[in-house]
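Here's the structure we're looking at; comments come further down.
Readers should treat all values here as calculations from the given coordinates under stated rules, not as data from a laboratory. All values derive from a computational prediction rather than experimental measurement. Here the Cβ positions follow ideal geometry from the backbone for every residue, glycine too, while neighbour counts run over all protein chains shown.
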Amino acid sequence: MNRAQFIIATAIILFAAFCVGWFANWLVHRFTRVSASDVNELDRMSRELHEAEETRDQAIVWLQAREAELSNQLAQTEAELRAAMEGLRDARAEAEDLRTILERARG
């Protein structure tokens, strides 16, 4: 192989290496490139996620308020029940006392 053939062979090999490198670079950019529609879809999804999180937070706040309200109502109902039971106990004791007095008066 003479000098001219060596230069031509080297040039062909370097050109082939350049073409392979360029093609590999094109493939990488082709598969990793994000299109505008993908970016728009990601923006839309992030907005929807943000709105869903806000809705969830509002629901949690509402549930906590409702739970506090129901707990308060339960405590009031239990207090009323205790008062009613004490009143009933007192009324039964008074009725028993009146029966005892009535039986003494009869007997």
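Report the gain in length on full extension from His29 to Met85: 0.36 nm times residue separation, minus Cα-Cα distance, nm rounded to one decimal.
Using 0.36 nm per residue and subtracting the Cα-Cα distance, I get 12.1 nm.
Here are labelled values, (1) 14.1; (2) 16.4; (3) 23.8, and one is the computed Kirkwood radius over Cα pairs in Å for what I pasted. Which one?
Step by step, Kirkwood radius over Cα pairs in Å for this structure corresponds to label (3).
Determine the distance separating the Cα centre of region 28-46 from the Cα centre of region 79-107; give it in Å without decimals.
Their Cα centres are 81 Å away from one another.
Charges on Cβ only, +1 for Lys and Arg, -1 for Asp and Glu, centred on the Cα centroid of the chain; of Trp22, Leu102, Val61, which one is farthest towards the dipole's positive end?
Trp22
Rank these for me by crowding, Phe31, Phe6, going from fewest to most other beta carbons within 10 Å. Kindly include the intermediate steps, with their values, before the conclusion.
Numbers: Phe31 7, Phe6 10.
Least crowded to most crowded, the residues run Phe31, Phe6.
Full-extension gain between Ser37 and Thr55, please, as 0.36 nm times their residue separation minus the C-alpha to C-alpha distance.
Answer, rounded to one decimal: 3.8 nm.
If R₀ is 35 angstrom, what is the calculated FRET efficiency for the pair Ala11 and Met45, using the beta carbon separation as r and rounding to 0.05? Show your work: numbers first, answer last.
Values: r = 51 Å, r/R0 = 1.45.
The calculated FRET efficiency here is 0.10.
Angle check, please: helix 36-106 long axis (alpha carbons) against the longest principal axis of the chain (alpha carbons), in degrees 0 to 90, nearest 10.
10
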